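Peer 1: Below is one structure. I have some questions about it.
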Amino acid sequence: MLRRPLLALPALLLAGPAAAQQRPLSDRDRADVARAEAWLNRLTSLKARFLQIAQNGASAEGTGWIVRPGRMRFEYDPPEPLLLVASHGQFFYFDRQLKQATTLPLGATPLGMLLRDNLRLSGDVTVSRVERGGGLLRITLHRTGQPAEGWLTLVFSEDPIELKQWAVVDAQGQETRVSLFQTEFGGRYPSILFDFNDPRFREALGIQ
């Protein structure tokens, strides 16, 4: 249903539309970007249910974990057979149906930026626009110097600020949205959830 829903998207983020829509940031915009950056850097862990919707309307749900820095797990509910795990500087993608595993550098995925130890929404990342409405703050990013690759929009609640959703648009204009709900912060989770090099992790998936 949703093959390679996150990892098929190109390197860190963002497409031609981001460059066309880029606008100068106001002092308020920069202040809100700083608030979002500070919130992300304070984040140690979260666990949430997620709903993913693809450009064609196909949807899937599952449970996601983010443990900063460097670890993430997105486990899709059946019948979707996908498992995405980040650790050791890599993204591990596994299709349970095909018994097929793929690894990619963490920096070559849209969400790798969220797992950085010292996250900065500047430098090798450019904020192209900031929007507000309906109690939400939307910050659109692209990889500096590479706007044709695609773009990422992080969606936060404004007060209090909290990550609620992200949307990725690839170079072909295909959008994938992931919304978080039932979010729990600050939990401690066993390392086996993320360590795809651990023999027990691989045995549970039937990987030789």
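Please treat every number below as a calculation from the coordinates, not as lab data. All values derive from a computational prediction rather than experimental measurement. FYI the Cβ positions are ideal-geometry reconstructions off the backbone, even for glycines, and counts take in every protein chain you see.
Peer 1: Measuring from label point to label point, each 7 Å out along Cα→Cβ, what is the ALA38 to GLU158 span in nm?
Peer 2: 1.8 nm
Peer 1: Next up: What net charge is computed for the residues neighbouring GLY70, neighbours being all others with C-beta under 15 Å from the C-beta of GLY70, Lys and Arg scored +1, Asp and Glu -1?
Peer 2: Working: positive: ARG68, ARG71, ARG73, ARG116; negative: ASP117, ASP195.
Net of charged neighbours comes to +2.
Peer 1: Still on this structure, please answer the following. So what's Rg/Rh here for the range 121-185, counting alpha carbon atoms and using the Kirkwood radius for Rh?
Peer 2: On the way: Rg = 12.6 Å, Rh = 12.6 Å.
Here the Rg-to-Rh quotient is 1.00.
Peer 1: Let me ask you something else. Could you tell me whether the range 97-208 comes out rounded, prolate or oblate from its Cα gyration tensor? Rule is a ≥ b ≥ c as square roots of the eigenvalues, rounded for a/c under 1.5, then prolate if a/b exceeds b/c, otherwise oblate.
Peer 2: On the way: a/c = 2.08, a/b = 1.50, b/c = 1.38.
Prolate, since a/c reaches 1.5 and a/b exceeds b/c.
Peer 1: Only counting other Cβ atoms within 10 Å, I'd like HIS142, HIS88 sorted with the fewest neighbours first. List each step's numbers first, then the result.
Peer 2: Details: HIS142 26, HIS88 15.
The most exposed by this proxy come first: HIS88, HIS142.
Peer 1: If each residue of separation counts as 0.36 nm, what is the full-extension length gain between GLN172 and SER26 once their alpha-carbon separation is subtracted? Before the final figure, lay out each step's value.
Peer 2: Details: separation 146, 0.36 × 146 = 52.56 nm, distance 2.96 nm.
Here the answer is 49.6 nm.
Peer 1: Treat the count of other C-beta atoms within 10 Å as a stand-in for reagent exposure and order GLU184, GLU75 from fewest to most. Don't jump to the answer; show the numbers that get you there.
Peer 2: Numbers: GLU184 11, GLU75 16.
The most exposed by this proxy come first: GLU184, GLU75.
Peer 1: While we're on this one: In the chain, what % of DSSP beta bridges are antiparallel (nearest 5)?
Peer 2: Working: 68 of 68 bridges.
Around 100 percent of the beta bridges assigned by DSSP in the chain are antiparallel ones.
Peer 1: Could you state the angle between the C-alpha long axis of helix 27-42 and the longest principal axis of the C-alpha atoms of the chain, as a value from 0 to 90 degrees rounded to the nearest 10?
Peer 2: Once rounded, the angle reads 20 degrees.
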